1. Which residues, taken from region 1-28, are of a type in the set (Val, Ile, Thr) and under 15 Å from Ala91 (Cβ atoms)?
2. For region 140-168, give me each residue that is among the charged types (D, E, K, R) and either open to solvent by less than 10 Å² (accessible area, probe 1.4 Å) or closer than 12 Å to Val220 by Cβ (or both).
3. Any chance you could count how many residues in region 229-259 are of a type outside the set (Asp, Glu) and under 18 Å from Ala33 (Cα atoms)?
4. β-branched (Val, Ile, Thr), modelled with pLDDT under 95 and either open to solvent by 60 Å² or more (accessible area, probe 1.4 Å) or farther than 24 Å from His96 by Cβ (or both) - does that describe any residue in region 184-196?
5. Give region 206-228 a look and list any residue that's closer than 20 Å to Asn173 by Cβ and open to solvent by 30 Å² or more (accessible area, probe 1.4 Å), or say none.
6. If you take just the helices (runs of 4 or more DSSP H) that sit entirely in region 190-259, which of them hold at least 2 residues that are within 24 Å of Gly30 (Cβ to Cβ) and without any contact (Cβ under 8 Å) to a residue 24 or more places away in the chain?
7. Every residue in region 105-126 that is open to solvent by less than 50 Å² (accessible area, probe 1.4 Å), more than 15 Å from Ala76 (Cα to Cα) and touching a residue at least 12 places away in the same chain (Cβ under 8 Å), please.
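The values are calculated or read from the model by the stated rules, or taken from the named source; none is laboratory data. Small disclaimer: the values here were computed from a predicted structure and weren't measured. Reconstructed Cβ throughout: ideal geometry from the backbone, glycine too, with neighbour counts over all protein chains shown. Heads up: the accessible areas ignore ligands, DNA and RNA and are worked out on the full protein's heavy atoms, side chains in. Shrake-Rupley method; radii C 1.70, N 1.55, O 1.52, S 1.80 Å.
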Amino acid sequence: MALPERESPKGKRVSLFVTCIVDMIYPDTGMSAVDILEHVGVEVDFPPDQTCCAQPAFNAGYRDESRTVAKHFFKAFKEAEVIVTPSGSCAAMVRHEYPHLFSPEDGAAYEQAQRMAAITWEFSEFLVDGLGMANLDLRLPEKQSFAMHDACHGLRGLGLGQAARDLIRHLGNAELRELNECEVCCGFGGLFSVKMPDISNAMLKNKIDNINASAADTIVTGDVSCLTQMNGGLSRNKSGKRVAHLADVLAQGLGGGRA
């Protein structure tokens, strides 16, 4: 299914859609995203009325409730020129599903859904594909090795993956290594992990085995939901490996950046 076309975001103010999980559990990841955006000269604002993108309700089949949440999103971001989010899954919800939650008979709501889909970018694709900036002139305090986990919504819904790797390759003192089955689901899948815990845990075990076998010090991903799932499994297995969000890794390259 084709995604709505977008104009170039260059020179436009960015409205950060921080997402529910980042807001409640990983606020430093949201701040890292802002630090990086400001580092590359982007003006960033934060619409304070933002809440959820409606993905949980949508995935559970509650379409009317999803439309209610989406309409609030329209109000919160009505002044936005460009929306950037540190979440491939939330970006996929806005880009892919918003245009199909409403029909032309819905009038203004339909138009707003199309507009939001056309101005929304995931964090890494905004930097590399939107601004054309793979080299952010950043350097880690010491050498580290990384491997990528490709989160499902971002990889399959938005075609993400290359941009994040390009950013890591251009990060000073960073070495990019391989993660076997990097494109395979970690087993979270939002409600999937709740409704089918046995299958979810089996998928997580496979992912944890691949992480422990990787030569990389740290696994990098663009979704904190995957990060939570994998770090929980790593912690329970007493592994020394951990998963980090791309924005937090890049922010380490700023002088005095967030760890």
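1. Val14, Val18, Thr19, Ile21, Val22
2. So in region 140-168, the residues among the charged types (D, E, K, R) come out as 142-143, 150, 156, 165-166.
Passing the criteria: Asp150, Arg165.
3. In the first step, residues of region 229-259 are kept if they are of a type outside the set (Asp, Glu); the result is 229-247, 249-259.
Narrowing the set further to residues that are under 18 Å from Ala33 (Cα atoms) leaves 243-247, 249-259.
So the count comes out to 16.
4. The answer is yes; a qualifying residue exists.
5. Result: Ala215, Asp217.
6. Values: elements: 191-195, 197-213, 224-236, 246-251.
Correct list: 224-236.
7. We begin by selecting, within region 105-126, every residue open to solvent by less than 50 Å² (accessible area, probe 1.4 Å); these are 107, 109, 113, 116-126.
In the following step, the residues that additionally are more than 15 Å from Ala76 (Cα to Cα) were identified as 107, 118, 121-126.
Matches in region 105-126: Ala118, Trp121, Glu122, Phe123, Ser124, Glu125, Phe126.
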